[in-house]
Amino acid sequence: MATQRPPTAAEKAAIVNAARDYLVDPYSVRDAEISNVVTLNDKGLKAVCVKANAKNRMGGYVGRTTVSVRLLNGKPVSTWENAPACLNANMSYRRFPELENLKNL
């Protein structure tokens, strides 16, 4: 947690672009938050957590879920739903309106 830093605009944009393929209904996202970025190793692997509420395959909202997004060179390479580190009380979150704005496309 000592390596926390705010996500860059490029990292946020990469996550928003990946959400289009990851989420069932990316245009339904609401209540989105993004955490600080944490360095995982000396090879450049980083992680950031995203909390959001979006519709499922049945068209209903499922409640806010948390996903850890692994970044390599600023690009998402994998995800982990409900990663324990995302629930750490020391993890800082902020609003993520860029993800919610998918509905305006």
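The values are calculated or read from the model by the stated rules, or taken from the named source; none is laboratory data. Computed from a prediction, not measured in an experiment: that's the story for all the values here. Quick reminder, even Gly has a Cβ in these numbers, built from the backbone with ideal geometry, and neighbours come from all protein chains shown. Note: accessible area is taken over every heavy atom of the protein model, side chains too, but ligands, DNA and RNA are not part of it. Shrake-Rupley method; radii C 1.70, N 1.55, O 1.52, S 1.80 Å.
Before moving on, here are some points about what is shown:
- Qualifying residue in segment 44-61 (condition: within 17 Å of SER92 (Cβ to Cβ), open to solvent by 70 Å² or more (accessible area, probe 1.4 Å) and outside any helix (DSSP H, G or I)): no
- If you go through segment 8-35 and keep only what is open to solvent by less than 20 Å² (accessible area, probe 1.4 Å) and assigned to a strand (DSSP E or B), you end up with PRO26, SER28, VAL29, ALA32, ILE34, SER35.
- Test for VAL38: is it open to solvent by less than 50 Å² (accessible area, probe 1.4 Å) and part of a strand (DSSP E or B): yes
- Test: LEU99 is under 14 Å from the mean Cα position of the chain (by Cα) and assigned to a strand (DSSP E or B): no
- Residues (within 15 Å of PRO84 (Cα to Cα) and touching a residue at least 40 places away in the same chain (Cβ under 8 Å)) located in segment 37-52: VAL38, VAL48, CYS49, VAL50, LYS51
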